[in-house]
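Where a number appears in this text, it was derived from the coordinates with a stated rule and is not lab data. In this text, all values refer to a predicted model and were calculated from it rather than measured experimentally. Reconstructed Cβ throughout: ideal geometry from the backbone, glycine too, with neighbour counts over all protein chains shown.
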Ligand code: SF4
């Protein structure tokens with residue numbers, strides 16, 4: 001069986017899909033590989049490869065982590081048309097299968113993938129059995145827990161551009177927390193309409209959010225606790241070695257610092273040498289552990305292990321936008337965090353990596369629906385005043401992306417309901433900047449008709 005995913009071609013693993021393929025192979029005795037499809041792929045060559053691969057095999061094909069790519073959704077439709085059973089898994093499987101609510105009354109909305117996917121599976125792969133493919137139910141769900149199957153065959157990943165190419169994974173992932181602890185933080189925020197509609201008498205709306213308001217992943221999965229230490233260590237032991245050290249890996253946990261020191265000590269005790277740990281970490285975790293970080297980095301330096309803060313979700317340098325995002329941090333918190341990292345960098349040199357020119361990519365969301373001269377001025381002033389352009393600011397900002405199943409998706413739909421405006425859709429995204437004219441038709445292409 002093949003699990004297809006989006007892939008950039010860089011040598012990083014795709015943990016969820018690779019765990020699933022390992023589960024199929026080891027627990028269900030179904031040979032399985034993961035094929036990451038690059039954006040420039042040849043459709044003809046891929047279909048040719050698929051037909052060759054499936055000769056004499058059950059024609060079941062799975063998809064995960066499609067990243068809203070319409071070319072991949074068209075591929076699903078094509079394979080289904082050729083008689084394949086198509087299975088959707090991974091993040092947002094349930095919501096992407098179902099689509100947005102009330103698509104009869106609002107035909108421009110994302111209609112979901114149920115017309116091209118035979119089965120959608122939501123949850124950890126542990127709950128999947130061969131009988132599910134024969135089930136009459138199309139949407140299958142298995143609850144997340146902290147005790148899940150986490151074995152990975154890191155050699156099961158390939159990419160496809162014009163031909164199948166084996167990918168030597170050089171950046172792995174290790175799961176330390178199931179979901180995001182911050183996703184448990186419930187809050188209500190009052191959101192004004194997008195600035196281009198400010199003259200239209202649209203009321204501000206109170207929106208309830210759990211976690212960051214734009215985050216579809218946390219909303220989908222929630223938080224189910226941290227993985228037990230020995231299962232984390234087993235994952236690290238299973239990573240490939242290069243020159244006597246485990247390859248760099250991302251520790252998946254938005255609050256990793258409480259675990260980091262004990263984990264490094266355990267690695268030393270078990271004589272497991274690590275090259276580098278990448279952290280995707282919240283600002284409040286760094287500020288809350290500022291005093292402990294020096295000890296952690298001293299220990300890491302003695303082990304010759306690098307610690308990289310590879311992605312910190314700063315997102316904005318404007319307090320009003322941070323509040324709209326429900327980020328739970330202020331600009332003052334960001335300044336404290338960056339100053340801490342700069343001081344530690346002076347002391348620990350190449351043991352600590354956090355800068356843009358060291359490969360880190362920190363979140364900066366711009367443009368947003370609420371940008372006005374005041375937010376732009378405050379952002380620019382803070383970037384200049386605190387020299388964020390030197391080490392923090394990414395080369396390109398990321399526009400605010402509204403996934404149809406995020407809390408902001410609810411906000412857009414509420415505006416559509418109360419004010420009568422319609423916003424464009426592009427696959428699974430909602431185009432908050434694109435107000436459709438009355439009577440404007442949804443897209444008519446083959447993929448458009450699916451969406
Ligand atoms: S954006 Fe990050 S910190 Fe915020 S809820 Fe999502 S995963 Fe958690």
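What the table below lists for this structure:
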| read-out | value |
| --- | --- |
| Qualifying residue in the range 325-340 (condition: surrounded by fewer than 21 Cβ atoms within 10 Å (Cβ to Cβ), within 16 Å of the ligand (Cβ to nearest atom) and over 17 Å from residue 255 (Cα atoms)) | yes |
| Pairs, first part of a helix (DSSP H, G or I) in the range 308-326, second within 11 Å of the ligand (Cβ to nearest atom), C-beta under 9 Å, six or more apart | 321/315; 321/327; 321/365; 322/315; 322/328; 322/329; 324/213 |
| Candidate set: the range 167-189, residues that are within 13 Å of the ligand (Cβ to nearest atom) and part of a strand (DSSP E or B); chosen: the one nearest to residue 274 (Cα to Cα) | 177 |
| Residue list for the range 383-409, restricted to those being closer than 30 Å to residue 103 by Cβ and either surrounded by fewer than 17 Cβ atoms within 10 Å (Cβ to Cβ) or in contact with a strand residue (DSSP E or B) (Cβ under 7 Å, 6 or more places away or on another chain) (or both) | 398, 399, 400, 401, 402, 403, 404, 407, 408, 409 |
| Qualifying residue in the range 208-226 (condition: free of Cβ contacts under 8 Å to residues at least 12 places away in the same chain and on the phi < 0 side of the Ramachandran plot) | no |
| Helices (runs of 4 or more DSSP H) completely within the range 190-293 that count 1 or more residues being within 15 Å of the ligand (Cβ to nearest atom) | 216-221, 257-269, 283-288 |
| Residue in the range 138-160 that is within 16 Å of the ligand (Cβ to nearest atom) and within 30 Å of residue 255 (Cα to Cα) present | yes |
| Criterion: assigned to a loop (DSSP other than H, G, I, E, B) and out of contact with any strand residue (DSSP E or B) (no Cβ under 9 Å at 6 or more places or on another chain) - qualifying residue of 380, 333, 371, 346 | 371 |
| Subset of the range 227-245 that is free of Cβ contacts under 8 Å to residues at least 40 places away in the same chain and closer than 21 Å to residue 149 by Cα - its residue that is surrounded by the fewest Cβ atoms within 10 Å (Cβ to Cβ) | 230 |
| Test: residue in the range 272-280 that is closer than 28 Å to residue 188 by Cα and surrounded by fewer than 17 Cβ atoms within 10 Å (Cβ to Cβ) | no |
